[in-house]
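K.L.:
This is the structure, below, for whatever I ask next.
The numbers here are math on the coordinates, done by the rules we state, and not lab data. Values in this document were obtained by computation on a predicted structure and should not be read as measured data. Here the Cβ positions follow ideal geometry from the backbone for every residue, glycine too, while neighbour counts run over all protein chains shown.
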Amino acid sequence: MRTEKQYGYLVGVGYVPINRYPGIAFYIQSPHIDAITLTKAIDEFITDSLAMLVEISDNHWLHLINELAGQLQEKDNNLRIKSQRFGADICNKDLSFCDKEQLVSAILTLNFDQVKSFIKKH
């Protein structure tokens, strides 16, 4: 959307936990394209992503899952990031600070068919 369609200068997707639930955020910011066009572009991206799932092999899936788990297990780069993470954990009532480990464990137990089914459903 940013390079091919020249829609905006900020386009991305990222992991965003909300109220103790893992989530994903798609975002695009543009100074010259209206919100309806941008929303349609995000919807098309999600639909196209579903079609690309068919092309992913089981080995590639395992690689992706292990990469994601590795990113979640990375150590905090500095005290500011660590304190923000602890603060978010406290706000989310994770007083044992173990939600991230539980998330990694859950991710590693997912199989590809479960993920495809979830994405098609939602």
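K.L.:
Could you give the nm distance between label points at ASN59 and GLU101, where each point is 7 Å from its Cα heading toward the beta carbon?
P.N.:
Modelled inter-label distance: 3.4 nm.
K.L.:
If each of CYS91 and ASN78 carries a label point 7 Å out from its Cα toward its Cβ, how far apart are those two points in nm?
P.N.:
2.0 nm
K.L.:
How large is the dipole of the chain about the Cα centre if only Lys and Arg carry +1 and Asp and Glu carry -1, each at its Cβ, rounded to the nearest 20 debye?
P.N.:
On the way: 13 positive and 15 negative charges, 78 e Å.
Dipole size: approximately 380 debye.
K.L.:
So for the chain, taking the charge dipole from beta-carbon charges (+1 Lys/Arg, -1 Asp/Glu), which of THR47, CYS91, ILE107 sits furthest toward the positive end?
P.N.:
Ranked along the dipole, the leading option is CYS91.
K.L.:
What does the charge add up to near VAL104, with Lys and Arg as +1, Asp and Glu as -1, over the other residues with Cβ less than 13 Å from its Cβ?
P.N.:
-3
K.L.:
Would you compute, for the Cα atoms of the range 1-46, the largest minus smallest coordinate along each principal axis and list the three values in descending order, in whole Å?
P.N.:
Between the extreme Cα coordinates on each principal axis of the range 1-46 lie 35, 17, 16 Å.
K.L.:
So what are the range 56-122's ellipsoid semi-axes, whole angstrom, largest first, if each one is the square root of 5 times an eigenvalue of the alpha-carbon gyration tensor? Don't skip to the answer; put the middle values down first.
P.N.:
Working: eigenvalues 154, 45, 18 Å².
Its equivalent ellipsoid spans semi-axes of 28, 15, 9 Å.
K.L.:
What net charge do the residues around TRP61 carry, taking every other residue with its C-beta under 13 Å from that of TRP61, with Lys and Arg at +1 and Asp and Glu at -1?
P.N.:
Within the 13 Å Cβ shell, the charges total -3.
K.L.:
Here is a further query. Please state the shape class of the chain: rounded when a/c is under 1.5, otherwise prolate if a/b exceeds b/c and oblate if not, all from the C-alpha gyration tensor. Could you put the intermediate results ahead of the total?
P.N.:
Values: a/c = 2.09, a/b = 1.28, b/c = 1.63.
The shape class here is oblate.
K.L.:
Over 28 Å between Cα atoms, which of LYS40/LYS93; LYS5/LYS75; LYS40/LYS116 qualify? Please report the intermediate quantities before stating the final value.
P.N.:
Details: LYS40/LYS93 36 Å; LYS5/LYS75 36 Å; LYS40/LYS116 22 Å.
In this structure, LYS40/LYS93; LYS5/LYS75 exceed 28 Å between Cα atoms.
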